[in-house]
Amino acid sequence: MTAAIHVEDLVKEFGSTRAVDGVTMEVPAGSVLGLLGPNGAGKTTIVRMLATLTRPDGGRARVAGFDVVTEAHQVRGRIGLTGQYASVDETIPGWDNLYLIGRLYRLPPRRAKALADELLERFRLSKAAKKLPRDYSGGMRRRLDLAASLVGDPEVLYLDEPTTGLDPRSRLELWDMVRSLVARGTTVLLTTQYMEEAEALAENIVVIDHGRVIAEGTPAELRGRTGGQVLRIRPDRGADLTEIARQLSGTGGRSAVADPDEGLITLPVGGQEELTAALHVLTASGVPIDGIETHTPSLDEVFLTLTSGDPADDPRRTA
Ligand SMILES: Nc1ncnc2c1ncn2[C@@H]1O[C@H](COP(=O)(O)OP(=O)(O)O)[C@@H](O)[C@H]1O
Ligand SMILES: [Mg+2]
């Protein structure tokens, strides 16, 4: 399979901050990659380099077979970008925006008109064709951004946090629209802060934090990284939670965490053996138990586990 996006050891520095610190990744043609990371992780900076809007300080990137630095012009002709740097003009109607972008792409007037109609229809904006984007709802505005990014019929589309700030319904609508794009063969690089969104749309996920790749794989593989299940134990009131947690921590090499406020102890358990061992320890301790349950961590819990680093250890700070 050919890679639509090929990134090798990409670096971007802002002063003493390494916003992107040696990122390597590949996006097969026709697939969706979810680039997942918290605020400030470096997602937008990566997208901007791949969109030729900012120059890498190190490493290489090829998009649709072209180098983003030495063949930036060819790259620009093959990509679409929506998100924090969308090109929609707030002061002219939605239809006119799409028409003008079509003319910028040197489409003949008749073709640009037809395309503006077609895109508004496809993104359910026909009724808002003559309205100004600044009067659109958040969901409509994002749909117009997405429509605008498709005027050039891009092979590769960057969606930079396309649903941040949208209500749940508009988010689901946008997800459907992204899916239909992908069904047409467009390669998508989607950045998001939500594991749920990455899982809904992407077959592969790259998790970044502090400009570095900290995990990658399919959603199922990432779930597996935390060890599968979490055991939650609620001892009787008055029990010494810290002491029980200490004993449980000896069972499987993972740490049990005591939460005195909630009266809970939680312990990640990798498999049946660890679960059985933990239950043995509990029984042997003779502590009366109020409740006990296992639960599968949500993807957002997995994400939090993966990204919970001490800011003091931030490897980017060189000064
Ligand atoms: N133009 C810039 N000048 C200085 N620092 C920047 C600039 N753009 C981004 N940064 C810094 O780079 C890091 C990554 O930012 P960004 O790529 O916007 O992250 P994300 O999109 O994941 O939220 C942050 O620490 C941010 O403050
Ligand atoms: Mg960003």
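Brief remarks on what is shown
- Each residue in the range 38-79 was checked for being at positive phi and within 16 Å of ligand 2 (Cβ to nearest atom), and 2 pass.
- Picking from residues in the range 259-289 that are assigned to a helix (DSSP H, G or I) and small (Gly, Ala, Ser), the one that is surrounded by the fewest Cβ atoms within 10 Å (Cβ to Cβ) is 284.
- Some residue of the range 32-43 being under 19 Å from residue 59 (Cα atoms), away from ligand 1 (no atom under 14 Å from the Cβ) and not β-branched (Val, Ile, Thr): no
- Of everything in the range 56-100 that is touching a strand residue (DSSP E or B) at 6+ places or on another chain (Cβ under 6 Å) and β-branched (Val, Ile, Thr), the residue that is modelled with the lowest pLDDT is 82.
Every residue, every condition in (1) closer than 30 Å to residue 212 by Cα; (2) touching a Pro at 6+ places or on another chain (Cβ under 8 Å); (3) modelled with pLDDT under 85, yes or no:
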position	(1), (2), (3)
251	no, no, yes
286	no, no, no
289	no, yes, no
307	yes, yes, yes
310	yes, no, yes
313	yes, no, yes
319	yes, no, yes
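- Neighbours by Cβ (under 6 Å, 6+ apart or cross-chain): first from the range 176-191, touching a residue at least 24 places away in the same chain (Cβ under 8 Å); second assigned to a strand (DSSP E or B) and among the small types (Gly, Ala, Ser): 187/4; 190/34
- Test: residue in the range 198-212 that is part of a helix (DSSP H, G or I) and within 14 Å of ligand 1 (Cβ to nearest atom): yes
- Elements of type strands (runs of 3 or more DSSP E) in the range 1-119, at least 2 residues being closer than 21 Å to residue 184 by Cα: 3-14, 17-28, 32-36, 79-82
The values are calculated or read from the model by the stated rules, or taken from the named source; none is laboratory data. In this text the structure is predicted, and so the values were computed from the model without any measurement. Counting neighbours? That spans all protein chains shown, and the Cβs are built from the backbone with ideal geometry, glycine included.
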